[in-house]
Amino acid sequence: MSKEREQGMSLIVKTITRLTVGLILLYGIYIVTHGHVSPGGGFAGGVIIALAFVHLLLAFGKDTAFKVLSESMMSILESTGALLFLLIALIGFVGGHFFMNVLPKGHPFNLFSAGIILPCNIAICLKVGAGLFAIAVALVLLKLAVEKEEK
Amino acid sequence: MLAIYIVLMLMIIGAVIAIEIKSLLSSVIAVGAVGMGLSLIALILNAPDVAITQLVVEIISVIILIRATIKKDLPESTTEQRVMSGVAALVFLAALVLVGIAVFKEIPPFGQPIMRVAGEYLANGVQETGATNIVASILLDYRGYDTLGEATVLFTAVLGVLTVVRRQGKKSEKSGGGSDHE
């Protein structure tokens, strides 16, 4: 049972996953990058991106998922997101104070508008996506380890 | 308004089912239904940002619950002090209802907020930040400091989970005792 789970689910699920994972990832990136124009933002988009990787993890097992995004890469991405967010906040001191919107505002409804909000969204997306996928992986691996011990 | 009440009733039913049902999988699914109801309410109240976030967080939490905790047994609650716990629950519930009634008299009626600061944001948000999504402009421009705190909370939570369930510690524990899981 445990060995079967490591290899992933049936062929039907794997085929559907191959088709849908890219679309889910693309939708997550869309939600993140258009967070300042339409509903969405870094948190929701980051969770959707994490869900795409969880989808991969459930369908193909942990080996394939780790080939796409390894454990060390996850922690690097999460720390990068947190530091990037803090760095953007500190850049505000150029203009005067913490979290000052120093970048050009641009025209409303354009993709490259709203100054620091787009980079902030991307930083939060990295943090949330990598962090939630790391939590999911840790809990699934813990369950596999517990099942193995019970055997 | 009627739609909100219908969804609220369904959420209460789902919550009761989640508590009372024996099967753990059915309980997790009922909790997921409650979360979906909350997302629907956010959508009915014209808050798509909250609805999207609630929906995706609900999905990932249901997946994690089903994958990670479904095989663990529920701890049986002791039934010895049933009278005392019943009285305590009634007293707590009565206090909660009384405080709730007192609080709800003070807050403005449903759908008519005071809008002191929020009116300012709505009036000047697009010119000052350039973002057409007012939620993003409040979260990441006006209230960026709060979002930094929230990000720190999430970072700490991930750190805590990874520390508790890390495999390095599991291995040394297994070599030491071996009976760490019942």
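Readers should treat all values here as calculations from the given coordinates under stated rules, not as data from a laboratory. These figures come from a predicted structure and were not determined experimentally. Glycine also receives a Cβ, built like all others from the backbone with ideal geometry; neighbour counts cover every protein chain displayed.
Report the residues of the range A:72-108 in range of a label on B:Asn124: point 7 Å along Cα→C-beta, backbone N strictly under 17 Å from it.
Label zone hits: A:96-102, A:105.
Ordered by packing density, taken as the mean number of other Cβ atoms within 10 Å over each peptide's residues, highest first, how do A:75-83, A:97-105 rank?
The most tightly packed comes first, giving A:75-83, A:97-105.
How far apart, in nanometres, would the label points at B:Ala88 and B:Tyr5 be if each is projected 7 angstrom from Cα along the Cα-to-Cβ direction?
Each label point is offset 7 Å from its Cα along the Cβ direction, giving 3.7 nm.
Once you average over the residues of A:40-50, how many Cβ atoms of partner chains fall within 10 Å of each Cβ?
6
Go ahead and run the numbers for FRET between A:Asn110 and B:Leu24, Cβ-Cβ distance against an R0 of 51 Å, rounding to 0.05.
Efficiency at R0 = 51 Å is approximately 0.55.
Just how many pairs of Lys in the range A:1-139 have C-alpha atoms closer than 25 Å, counting pairs that are eight or more places apart or on different chains?
Taking the Cα cut-off of 25 Å, the pair count is 8.
Report Rg (one decimal) and Dmax (nearest whole number) for chain A, counting Cα atoms only, units Å.
18.6, 62
How would you rank B:Asp141, A:Asp63, B:Asp49, going from fewest to most other Cβ atoms within 10 Å of each one's own Cβ?
A:Asp63, B:Asp49, B:Asp141
Starting from the coordinates of the alpha-carbon atoms of the protein assembly as shown, obtain the Kirkwood hydrodynamic radius over all distinct pairs and give the value in Å to one decimal.
The answer is 22.8 Å.
Taking the Cβ-Cβ separation of A:Lys148 and B:Val99 as r and a Förster radius of 56 Å, what is the calculated FRET efficiency to the nearest 0.05?
Calculated value: 0.70.
Quick check on the range B:1-71: what does the Kirkwood estimate of hydrodynamic radius come out to from the alpha carbon pairs, in Å?
12.5 Å
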